[in-house]
Amino acid sequence: MRSDLLAISLSGLLLTSGCTTLRGTGDMGIVVERADGRVKVVEHTGNTELASISGLGDLSHASAVYSRDGRYAYVFGRDGGLTKIDLLKGAIVKRVMQSGNSIGGAISQDGKLIAVSNYEPGGVNIFDAESLQLIAEIPATYDDGTARSKVVGLVDAPKDRFVFSLYEAGEIWVADVTQPENPAITRYRDVGKQPYDALLTPDGRYYMAGLFGEDGLAMLDLWHPERGVTRILPDYGRGEEKLPVYKMPHLEGWAIAGNTAFVPAVGRYEVLVIDFSNFSEKARIPVHGQPIFVMAQPASSQVWVNFAMPNNDTVQVIDTETFQVIKTLKPGPAVLHMEFTPRGERVWMSVRDDDRIAVYDTTSFEQTTQLPVDKPSGIFFSTRAHNIGL
């Protein structure tokens, strides 16, 4: 018995005396350095950098998802690269070049599959999350198979499905990957002109695609897919004036709380308030510029808004009960992205043109920390592992 206890003690000593401190991944994440093909591994308990990882290719429009345990980040690069990163080791596990031009990806509900949406060639590739072995290819063909479309708005949905939109084709497809080697595809045609981005509501029910070529949104009810795609919010878009749009807002940046959504207007200095019970507009909130992300602060009645150029040095905070702007912050030039800590006590902001991350206390609205990061853009915390539709 004593020898067993001694062995256990020695084993624990060896583990704790190594060069790596044992830790969980719940407060970890990555920050994209878009100009250098590099990511920083960070933690938000002490607000520090843990590692820097190079060799990820073109990260000019990068996004990431996480494994179920939060240990591995899957980074989707614009050059078609798919990179699996081990947060605890601060290293690349594997990297594959899976297309010529990629725009994002998702992880399946069971965590076993990674899907990547591609511009060139248009389609979706399905990979094994453990090995990154290619399992299936879904070419986004239309016009009787004579053309291929760019794929946008790819999200994971309940029951091991991926949902995505075809930009040129004006279609929405649902891929059931219960049998991943042979995905079952349901196609919804003529949903609107040029769907450019999409979101999945937090309950997993509604997939909504924004339309670049016309006003309105295309909506698919995944609880009742037999009803097909319907059109909602007919005035959402650039309108008859075709206002100049410096950057199209990200639909995944919608702030949805209960039956109310706070939505960036397209080309206007407004945040729209949408009643989700009947998909009607109930108010418009004047803001500093053209909003890009309108993000709900966890455990709070506030949403935070960043803006397109030339007003991208500013962030505003809106009270969701009064529909009033309650705070205007000036973090610095080119605030590209925001990410809240899981319980909402702090928010991290990428200030690209100052080469830093600014960390703000969400109660005092004061900057508490900053981290040097070269041309930061996306911030992705590991808590995303437990959210659908990202």
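The values are calculated or read from the model by the stated rules, or taken from the named source; none is laboratory data. Fair warning: this is a prediction, and the values are worked out from it, not measured in the lab. All Cβ positions, glycine included, derive from the backbone under ideal geometry; neighbour counts span all protein chains shown.
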Test: residue in the stretch 159-180 that is free of Cβ contacts under 8 Å to residues at least 24 places away in the same chain and among the β-branched types (Val, Ile, Thr): yes
Counting only strands (runs of 3 or more DSSP E) entirely within the stretch 36-110, those with at least 3 residues that are within 15 Å of ILE379 (Cα to Cα) and touching a residue at least 60 places away in the same chain (Cβ under 8 Å) are 38-43, 63-66
Only residues that are over 24 Å from PHE365 (Cβ atoms) and part of a loop (DSSP other than H, G, I, E, B): list them for the stretch 266-305, please. VAL266, GLY267, ARG268, PHE276, SER277, ASN278, PHE279
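Matching residues to (1) charged (D, E, K, R); (2) under 17 Å from LEU199 (Cα atoms):
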position	(1), (2)
ILE107	no, yes
ASP110	yes, no
PRO121	no, no
ASP128	yes, no
TYR142	no, no
GLY153	no, yes
PHE162	no, yes
State all residues of the stretch 352-383 that are buried (at least 19 other Cβ atoms within 10 Å of the Cβ) and either among the acidic types (Asp, Glu) or closer than 17 Å to VAL294 by Cα (or both); if no residue qualifies, say none. ASP354, TYR360, THR362, SER377, GLY378, ILE379, PHE380
Residues of the stretch 116-135 being part of a strand (DSSP E or B) and more than 14 Å from SER99 (Cβ to Cβ), which ones? ASP128, ILE135
From the set of residues in the stretch 223-256 that are more than 16 Å from PHE279 (Cα to Cα) and among the aliphatic types (A, V, I, L, M), which is modelled with the highest pLDDT? MET248
Looking only at the stretch 306-317, how many residues end up being under 19 Å from the mean Cα position of the chain (by Cα), of a type in the set (S, T, N, Q) and in a loop (DSSP other than H, G, I, E, B)? 0
Residue under question is ALA308, and the condition is that it be touching a Lys or Arg at 6+ places or on another chain (Cβ under 7 Å), farther than 29 Å from PRO234 by Cβ and not polar (S, T, N, Q); does it hold? no
Identify the residue in the stretch 118-162 that is aliphatic (A, V, I, L, M) and under 20 Å from GLY210 (Cβ atoms) and, among all such residues, is farthest from the chain's Cα centre (by Cα). ALA140
Tell me yes or no: at least one residue of the stretch 193-200 is in a loop (DSSP other than H, G, I, E, B) and either more than 20 Å from the chain's Cα centre (by Cα) or among the aromatic types (Phe, Trp, Tyr) (or both). yes
Selection from the stretch 318-374 of residues that are within 21 Å of VAL273 (Cβ to Cβ), of a type in the set (A, V, I, L, M, F, W, C), more than 22 Å from the chain's Cα centre (by Cα) and not in a loop (DSSP other than H, G, I, E, B): VAL325, ILE326
Selection from the stretch 299-312 of residues that are surrounded by 15 or more Cβ atoms within 10 Å (Cβ to Cβ) and either touching a residue at least 40 places away in the same chain (Cβ under 8 Å) or within 15 Å of VAL359 (Cα to Cα) (or both): SER300, GLN302, VAL303, TRP304, VAL305, ASN306, ALA308
Please work out which residue is surrounded by the fewest Cβ atoms within 10 Å (Cβ to Cβ), limiting yourself to the stretch 190-211 and to residues that are free of Cβ contacts under 8 Å to residues at least 60 places away in the same chain and farther than 21 Å from ASN118 by Cα. ASP203
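When residues of the stretch 266-275 are filtered for being farther than 25 Å from SER350 by Cβ and either surrounded by fewer than 17 Cβ atoms within 10 Å (Cβ to Cβ) or in contact (Cβ under 8 Å) with a residue 60 or more places away in the chain (or both), how many remain?
Within the stretch 266-275, residues that are farther than 25 Å from SER350 by Cβ and either surrounded by fewer than 17 Cβ atoms within 10 Å (Cβ to Cβ) or in contact (Cβ under 8 Å) with a residue 60 or more places away in the chain (or both) number 1.
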Residue pairs meeting the criteria (Cβ under 9 Å; at least 6 apart or on separate chains; first among the basic types (Lys, Arg), in the stretch 280-298; second crowded, with 19+ Cβ neighbours inside 10 Å and part of a loop (DSSP other than H, G, I, E, B)): ARG284/ALA265; ARG284/ARG268
Out of ALA175, ALA198, ALA169, ALA184, sole residue that is touching a Leu at 6+ places or on another chain (Cβ under 8 Å) and not β-branched (Val, Ile, Thr): ALA198
From the options GLY100, GLY81, GLY90, GLY105, residue that is surrounded by 22 or more Cβ atoms within 10 Å (Cβ to Cβ) and farther than 23 Å from ARG187 by Cα: GLY81
Hey, among the residues in the stretch 108-155 that are more than 23 Å from HIS61 (Cα to Cα) and β-branched (Val, Ile, Thr), which one's surrounded by the fewest Cβ atoms within 10 Å (Cβ to Cβ)? THR146
